[in-house]
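Quick note: the coordinates plus some simple rules give every number you see, no bench work behind them. Remember, it's a predicted structure, so these values are computed and weren't measured experimentally. With ideal geometry, Cβ positions are generated from the backbone for all residues, glycine too; neighbour counts draw on all protein chains shown.
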Amino acid sequence: MLPFLRRLRERLGPQGYADAADELAPWLTDWRGRVTGKALAMVSPASLEEVRFVVQAAAQEGVPLAPQGGNTSMVAGATPDADGRALLLSMRRMRKIRSVSGEDNALVAEAGVILSDVHDAAEAGDRFFPLSLAAKGSATVGGLVSTNAGGVQVLRYGTMRALTLGLETVLADGTVHHGLKPLRKDNRGYDLKHLLIGAEGTLGVVTAATLALVPRPVERVTAWAGLARLPAALALLRRMEAATGGQVSSFELLPQCGLDLVLAHLPAARSPLGGRHEWQVLIEADTARPGDPLAAIVQQALADALEAGEIADAVIAQSAAQAEAFWLLRESMSEAERREGPAAKHDVAVTVGDMPAFILQTTPEVEAAFPGARVLAFGHLGDGNVHFNVRPPLGDGGEWLGRHIDAINRFVHDAVTAMGGTLSAEHGIGVTKRDEFARLAAPGQLEWMRSIKQALDPKGIMNPGKLLPPCE
Ligand code: MLT
Ligand code: ZN
């Protein structure tokens, strides 16, 4: 064993150090099973001091670090490279909620805290942490911050960037940035916090975050509607917002083909609507005001939308259990798709107003350019962000997709770029979007990012291979 690794094992103890192949294996392949890496060992520090020890030791030896939380990255951003030079730095043992403050409307959670535990802690303090996504049972705070995660309530509450008030971070030379104070305003020049949010672990290791809380909703109204046609979604969204005074928190698109896929994998589930509708939306509004007649308002707005020909049918969940059943359908989309096999996955955004046109134009273009391709577009329509995934023809054993995936990715990303949009709205760049990001980066963008990287991580030990392509 290398003396460096022995030092780590001695400092972190048996719970904090592993190098047996079977212990590492579950953490070396990304969630979608596309990328498998190798690591010297997995270290799992349990405190800020231990993280600092690991980073300092790695910096001294020039050993790369691959930070990882719940291993739910959609872009293989938390999988070490295949060269086996890196240490896998698991943050999962840093799982304390350090404080919940009702006065500051803030919660301090360590990097390894699971999102659903943040939700529970906020609720125990009579508050609400309003970021939620399908992987809430395993995604961790450090990963959510590092990828500037989005999810299903961005429409009203924003992404992690809007919800992160402060960070504690170990920088690449082992220095600690203590920035957890929940200041709502701080205008002292460059904002290191905002550089670290979305940096995908390439500038430092986030060890804890101060998260913004909001008043706890006392009521949620969850509805499911079949759209008369896709562009009508925009009028419907703005109608619901106007009627509720901006209380719409989710506006999620599901195509009928996606719903069919989910229903095939969840035999006990039922479609919320009686008939079939090519495009459907899950809408949720919430209120923290007791006595707010939100349900009646949503019901009336849906009736008006029906009358105006925006929707063909709609139903409002009559109980918390029914609302949960609606959400289960939405949140199972990705898992159902994964079980069906590989696809060319995209995470694109254009303006909210352009998204229906993007879907309606790009779908037939992809189908014509790649005969047999099956488009599955779903997601956060209210944010102008849709997962425009392209599935191979039925029965493909991987050969068709392998042959076409790069060209499909380029096709979709070119289309979104032509509309002034982005090829990564909420999943980040990681490895799987890295070359496309570099291909379509704005002039000077990569150089500018590289100079920040060079300033904060001159030895290049922080999550190498992710986000920025290696320099030639
Ligand atoms: C979702 O919206 O369900 C997630 O971002 C996961 C996915 O894109 O598959
Ligand atoms: Zn998503």
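Using only Cα atoms, tell me the angle between helix 320-331 and the longest principal axis of the chain; keep it within 0 to 90° and round to the nearest 10.
70
Arranged by the count of other C-beta atoms within 10 angstrom, fewest first, what order do Glu310, Glu278 take?
On the way: Glu310 22, Glu278 13.
Ordered by Cβ neighbours within 10 Å, fewest first: Glu278, Glu310.
Please identify the chymotrypsin sites (Phe, Trp or Tyr not before Pro) of segment 26-106 that satisfy two criteria: DSSP loop assignment and at most 15 other Cβ atoms within 10 Å. Which are they?
Working: sites: Trp27, Trp31, Phe53; in loops: Trp31.
Qualifying residues, ordered by number: none.
Nearest 10 degrees, 0 to 90: what angle lies between the long axis of helix 3-16 and the longest principal axis of the chain (Cα atoms)?
Value to nearest ten degrees: 50.
Roughly speaking, what is the centre-to-centre gap between segment 6-65 and segment 373-397 when only Cα atoms are used, to the nearest Å?
For segment 6-65 versus segment 373-397, the Cα centre distance is 35 Å.
Got a sec? How would Ser334, Ser73, Ser99 order by Cβ neighbour count within 10 Å, fewest to most? Walk me through the intermediate numbers first.
Working: Ser334 22, Ser73 27, Ser99 15.
Fewest-to-most Cβ neighbours within 10 Å comes out as Ser99, Ser334, Ser73.
Can you put Thr175, Thr244 in order, fewest other beta carbons within 10 Å first? List each step's numbers first, then the result.
Numbers: Thr175 12, Thr244 20.
Ranked by crowding around the Cβ, least crowded first: Thr175, Thr244.
Compute the Rg to Rh ratio over the chain from the alpha carbon atoms, using the Kirkwood formula for Rh, and round to two decimal places.
Numbers: Rg = 22.6 Å, Rh = 23.3 Å.
So for the chain, dividing Rg by the Kirkwood Rh gives 0.97.
State which stretch of the chain is the longest one without any exposed trypsin sites (Lys or Arg not before Pro), exposure meaning a DSSP loop state and at most 13 other Cβ atoms within 10 Å.
Working: sites that count: Arg184, Lys185, Arg188, Arg270, Arg276.
So the longest stretch without any such site is 277-472.
Ser99 versus Arg276, label points 7 Å from Cα toward the beta carbon: distance in nm?
5.7
Under the rule a/c < 1.5 gives rounded, and otherwise a/b versus b/c splits prolate from oblate, where does segment 202-332 land using the Cα gyration tensor? Can you show the working numbers first?
Working: a/c = 1.68, a/b = 1.20, b/c = 1.40.
Oblate, because a/c is 1.5 or more while a/b does not exceed b/c.
Could you compute how fast segment 3-90 diffuses translationally, taking Rh as the Kirkwood radius over C-alpha pairs and applying Stokes-Einstein at 25 °C with viscosity 0.890 mPa s? Give it in µm² per second.
Details: Rh = 12.9 Å.
Reported coefficient: 190 µm²/s.
At 7 Å along Cα-to-Cβ for each site, give me the label-to-label distance between Ser47 and Arg339 in nm.
Simple spin-label model gives 4.4 nm for this pair.
With angles folded into 0 to 90 degrees, how steeply does helix 232-244 sit against the dominant principal axis of the chain? Use alpha carbons for both and round to 10.
So the helix axis and the longest Cα principal axis differ by about 90 degrees.
So for the pair Leu394, Gln300, with labels modelled 7 Å out along Cα→Cβ, what separation do we get in nm?
4.7
Which is farthest toward the positive dipole end of the chain among Gly402, Cys257, Ile311, measuring Cα position about the Cα centre, with Cβ charges +1 (Lys, Arg) and -1 (Asp, Glu)?
The listed residue farthest towards the positive side: Gly402.
With +1 on each Lys and Arg Cβ and -1 on each Asp and Glu Cβ, and nothing else charged, work out how big the dipole of the chain is about its Cα centre, in Debye to the nearest 20.
Values: 46 positive and 54 negative charges, 194 e Å.
Charge dipole of the chain: 920 debye, to the nearest 20.
To the nearest 0.05, how large is the calculated FRET efficiency for Glu447 and Tyr190 if R₀ is 22 Å and r is the Cβ-Cβ distance?
Calculated value: 0.80.
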